[in-house]
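Notes follow once the structure below has been shown.
Values quoted throughout were computed directly from the atomic coordinates according to the rules given, and no laboratory measurement underlies them. This is a predicted model, so every value here is computed, not measured. Neighbour counts run over all protein chains shown; Cβ positions are idealised from the backbone, glycine included.
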Protein chains: 2
Amino acid sequence: MSEKLVQLKEILGEVSDLGSAGSILSWDQQVNMPPAGAEARGQQLATLGKIAQEKFTSDEVGSLLEDLKKEYTDPETDEGALIRVTARTYEKAKSVPAEFIAEQAIAATKGVEAWVEAKSKSDFSIFRPHLEKNVELVKKYVSFFPPADHPYDTLLDDYEPGMKTAEVREIFGNLRPKQVALIKAISESKQVKSEFLNKSYNEKKVWDFGEAIITKFGYDFNRGRQDKAPHPFETTFNVNDVRITNRYEKNAPLATLFSAMHECGHALYELGSNPAYERTPLAGGTSLAVHESQSRMWENLVGRSLPFWEHFYPELKKTFPTQLDGVSLKSFYRAINKVEPSFIRVNADEATYNLHIMLRLEIEIGLVDGSMEVKDLPEIWNAKMRDYLGVTPPNDRQGVLQDIHWSYGSIGYFSTYALGNIVSAQLWEQINKEIKDLDEQIRKGQFGELREWLRAKIHVHSHKYDPQDIVKKVTGSTIDSAAYVRYLTKKYSEVYGL
Amino acid sequence: MSEKLVQLKEILGEVSDLGSAGSILSWDQQVNMPPAGAEARGQQLATLGKIAQEKFTSDEVGSLLEDLKKEYTDPETDEGALIRVTARTYEKAKSVPAEFIAEQAIAATKGVEAWVEAKSKSDFSIFRPHLEKNVELVKKYVSFFPPADHPYDTLLDDYEPGMKTAEVREIFGNLRPKQVALIKAISESKQVKSEFLNKSYNEKKVWDFGEAIITKFGYDFNRGRQDKAPHPFETTFNVNDVRITNRYEKNAPLATLFSAMHECGHALYELGSNPAYERTPLAGGTSLAVHESQSRMWENLVGRSLPFWEHFYPELKKTFPTQLDGVSLKSFYRAINKVEPSFIRVNADEATYNLHIMLRLEIEIGLVDGSMEVKDLPEIWNAKMRDYLGVTPPNDRQGVLQDIHWSYGSIGYFSTYALGNIVSAQLWEQINKEIKDLDEQIRKGQFGELREWLRAKIHVHSHKYDPQDIVKKVTGSTIDSAAYVRYLTKKYSEVYGL
């Protein structure tokens, strides 16, 4: 390794340590921190972020990268990938002035505050000026970068490196009519019974059942832990300390099981990352969409499948004999796959979820390219809900005001959720070609071969390849919704007898 | 505030944030971290420490301090105190070369490893060369500083700013014969019964009882929390996030209560620190001894007193009716104050604890000034144990090898434990002069006036005054053992009917 690469890796290592420290502080904030600690914690996080930013965007890093780019030109080597990915992140970081970041942070704080009030009063007019400000800032952010095919490309690239707006539009354009048609067909079918899911289930027993499942998936409690938090999430402190959080909601007690599987999917990706990439920008998952493909696969393609519950349902029934009394495996399977168009994205089922995303993506693109205006959003939102899902939100709280993201100026990553679903189905088709008896293995509660396949094909490459590249390497195709349509159609034909 | 002071406070704020981040990472390491995370965590902590050190010892800080020293000369003002304390810490930090710190860190790691093996085999010869190396390094450390009256002064000053070896020797010299005589008198008295303390007490009930006590003391769970950890400790992330840990040991189930009170004492000191000093070296307690005066006061002078248990014993008896069946308040009080000379410092009772400390202090001073040699320590240790406590350790594991401190080169702070006891009694006499009905208040479970007295007299001054100065300000005298002797004599006269 060249002397300059050693120098660069030393700086990147420190930047990574500062980032990990920030992650630990954030995790603690959500899991443990006493309420009064919030203000100082914000200050501590800001300091860590500032120092990391200063170190990473130093001229020293710039000049090392310039030299190393000439030295390590093969992107297939780890060194080449490291220089490529680091240089890209460096250019991005250098493009945005510090004063702009400060301005955006202030707008974000005010935006969240206004959004909380607007949502509680279901009054969009309170939020509107703040969203207008955030959109203006996002446009300014885009202006710091070289012109792209579409201004939204610049935003998307922050979450899905290399992905273009045109690609996402095409992928979603193909998917939307099919998914809308599917939902229509389902809504005209005989409805599924699921009342027993809303009975009272003991919290500790549900929690333990979830941990038993993810232990079988291969989540290693020697290298991670599951804690209670207001929202489920996964966070990585290093390849040997990858934690998840979960919650228990009285009105959806078994959702805890699916959240555990979902976050475990994220965690397995991080735990499978190449240890050689630790403390560099190559560590961890390559993009939000590929990350989501892992979480959604374990949650849905595995965790809501019939073979999975053939294995686990007897034990679940033994754990909750009263609640599941008289409920057959098939009834349970149908209930956890029930489709019901609803207003709220985070509660949406597999069949309707993507449509919630598409609606948001179209609005984000419209706001960024100027074809839509903030003032028209409530109306646009409701019209799209009718078109895609056949329901109209009764108020803005359950409509355009439901998500926090835009209030702090985050525009560009909603699509990654839907892309993750799509990629999960592409990978699933490929896996089933290569592991012929996968269903049989799942039926026996064996997940090792699946996990190791994902590790070898996806996890271990960490951030080395861009999302489209890794999907193409593994499946032979870039991201494409056909497999997902086939998956949904087959599944819901079974569940609803379409 | 002068422009330069603003600049200095900005840097000190960042250094403080890095320190807080380190404390959070360390707390997590001891409370939550999955085992495999240890290696990366060490790296993350090292990076935070290195960056904080670089920032603090920068030439910029040095030149700001030079100028500010001329501007803020009154040590009674907050600004004057800030410059004084910061300059002193700065000089110290600048005096020690980075290579030396690295050398000491390596010796510490090897020393701990050797100590673990030596202790498990009870074989001092394994540890001896490492302790010799550590002593050599400590002498080298001392050589980086201007000559003091005694070389040990330099070490002591790291924990008790301004304190001299001669002062500590005098304080302990006055105390030792009286404490030895007291123990001798106790050992010749009728022994106290305490078998009921070793019965089985439900862990959760003990834990909750401890939390009920410290809630009455005024520990605010909105600004802190208590978690399980292998060792009880207090840690401060900021004035509004001050946490404590505790443990439950089957063979000493009620020790959890006294540990909770002890750590709560530390926490109240930190929670009472002046918020205006946040993110500066003035924040938090002034020294280990003054800190220990707070923890030992709440644990011993309050928590092992008769009025305290007049209030809490009925409730304790209700919580553990079988275990305490037939045990009177007086019997319980005597049992928790039982004196028993023993080999192990951390298990020592109030009457014998200080003698364990004095023995260590004498050895540390001897090693540093060259009047003792490492090879002779086992013999010296055992001889002093016989002289002071009348017992001889059966082996080095229960003798000279029992404590970890020397293995990582930490020499200079054992004395702070004993000084804390002494100061706690001085403060107690003063408090009882100013709060006439304190016993009566405690008997009613009222601790507010005591806590607020401590806050106003000690806590709120944080690091502004050096330990001897704050003790003198509050009690009219520097640290002196007379009050402690009076306290011990009175208490054990009651307990043992001397």
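Numbers at a glance
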{"quantity": "5 angstrom amide H check on A:SER462, placed H, neighbours 5+ away", "calculated": "A:ASN274"}
{"quantity": "For region A:190-203, Karplus couplings with θ = phi - 60° (6.51, -1.76, 1.60), whole Hz, Gly/Pro x", "calculated": "5, 6, 9, 8, 8, 4, 4, 6, 9, 5, 8, 10, 4, 4"}
{"quantity": "Cβ-Cβ FRET estimate between B:LYS444 and A:ILE101, R0 fixed at 51 Å, reported to 0.05", "calculated": "0.35"}
{"quantity": "Amide H within-cut-off set for A:ASP227, under 5 Å, with H built and near neighbours excluded", "calculated": "A:ILE244, A:THR245, A:ASN246"}
{"quantity": "Kirkwood Rh and Cα Rg combined as Rg/Rh, the protein assembly as shown", "calculated": "1.01"}
{"quantity": "Taking A:ARG360, A:ARG451 and counting other C-beta atoms within 10 Å, the order from fewest to most", "calculated": "A:ARG451, A:ARG360"}
{"quantity": "Listed residues B:PRO129, B:MET372, A:GLN191: farthest to the positive end of the dipole of the protein assembly as shown (Cβ charges)", "calculated": "A:GLN191"}
{"quantity": "Total formal charge among the other residues, if their Cβ is under 12 angstrom from that of A:SER331, Lys/Arg +1 and Asp/Glu -1", "calculated": "+3"}
{"quantity": "FRET efficiency, 1/(1 + (r/R0)^6) with R0 56 Å, evaluated for A:LYS70 and A:LYS121 via beta carbons", "calculated": "0.45"}
{"quantity": "In sequence order, calculated HN-Hα J values of region A:156-162 (Karplus, 6.51, -1.76, 1.60; Hz; x Gly/Pro)", "calculated": "4, 4, 5, 10, 10, x, x"}
{"quantity": "Full-stretch length increase - B:ASP208, B:GLN402 - with 0.36 nm per residue and alpha-carbon distance subtracted", "calculated": "66.7 nm"}
{"quantity": "37 °C / 0.692 mPa s Stokes-Einstein diffusion coefficient of region B:3-150, Kirkwood radius on C-alpha pairs, µm²/s", "calculated": "180"}
{"quantity": "Dipole-positive endmost among B:VAL85, A:TYR90, A:SER407 within the protein assembly as shown (Cβ charges, Cα centre)", "calculated": "A:SER407"}
{"quantity": "Relative packing of A:317-330, B:330-343, which averages over residues the other C-beta atoms within 10 Å, highest first", "calculated": "B:330-343, A:317-330"}
{"quantity": "Proxy reagent accessibility, fewest Cβ within 10 Å first, across B:ASP387, A:ASP153, B:ASP439", "calculated": "B:ASP387, B:ASP439, A:ASP153"}
{"quantity": "Estimated dipole of region B:3-150 in Debye, rounded to 20 [Cβ of Lys and Arg +1, of Asp and Glu -1, Cα centre]", "calculated": "680"}
{"quantity": "Computed lengthening from A:SER371 to A:LYS433, 0.36 nm per intervening residue step minus Cα-Cα distance", "calculated": "17.9 nm"}
{"quantity": "Mean Cβ neighbour count within 10 Å, used as a protection proxy, ranking A:407-416, A:212-221, A:137-146 highest first", "calculated": "A:407-416, A:212-221, A:137-146"}
{"quantity": "Charged-residue dipole, Cβ positions (Lys, Arg, Asp, Glu), chain B about Cα centre, Debye nearest 20", "calculated": "1800"}
{"quantity": "Backbone HN-Hα couplings from phi across region A:99-110 [Karplus 6.51/-1.76/1.60, Hz, Gly and Pro as x]", "calculated": "5, 5, 4, 5, 4, 5, 5, 5, 4, 5, 4, 5"}
{"quantity": "Rounded tilt (10° steps) of B:59-71 against the dominant C-alpha axis of chain B", "calculated": "80"}
{"quantity": "Cα centroid separation, region B:123-160 to region B:405-429 (Å)", "calculated": "17"}
{"quantity": "For A:235-241, mean number of other protein chain Cβ atoms within 10 Å", "calculated": "6"}
{"quantity": "Size of charge dipole - the protein assembly as shown - debye, nearest 20, with Cβ of Lys, Arg +1 and Asp, Glu -1, no other charges", "calculated": "3460"}
{"quantity": "Label-point separation, B:ARG88 to B:LYS330 (7 Å along Cα→Cβ), nm", "calculated": "4.9"}
{"quantity": "Residues in region B:460-498 reached by a label modelled at B:LYS190 [backbone nitrogen below 12 Å; 7 Å Cα→Cβ]", "calculated": "B:496-498"}
{"quantity": "Straight-distance crosslink candidates among lysines, where the alpha carbon sits under 28 Å from B:LYS4 and sequence neighbours closer than 8 are dropped", "calculated": "A:LYS50, A:LYS55, B:LYS50, B:LYS55, B:LYS69, B:LYS70, B:LYS92, B:LYS94, B:LYS464"}
{"quantity": "Sparsely packed trypsin sites (Lys or Arg not before Pro) within region A:240-291, loop by DSSP, other Cβ within 10 Å at most 11", "calculated": "A:LYS250"}
{"quantity": "Added length on full extension, which subtracts the Cα-Cα distance from 0.36 nm per residue, A:SER143 to A:GLU249", "calculated": "33.8 nm"}
{"quantity": "Shielding by partners - mean other protein chain Cβ count within 10 Å, residues of A:18-26", "calculated": "5"}
{"quantity": "Spin-label pair A:ASN395/A:LYS216, simplified geometry with 7 Å Cα→Cβ offset, distance in nm", "calculated": "4.3"}
{"quantity": "Relative contact order, percent, chain B [alpha-carbon distance under 8 Å, six or more residues apart]", "calculated": "21"}
{"quantity": "Backbone N within region A:226-264 under 19 Å of label point (7 Å from A:SER200 Cα along the Cβ vector)", "calculated": "A:248-256"}
{"quantity": "Per-residue mean of C-beta atoms belonging to partner chains within 10 Å, peptide B:272-284", "calculated": "1"}
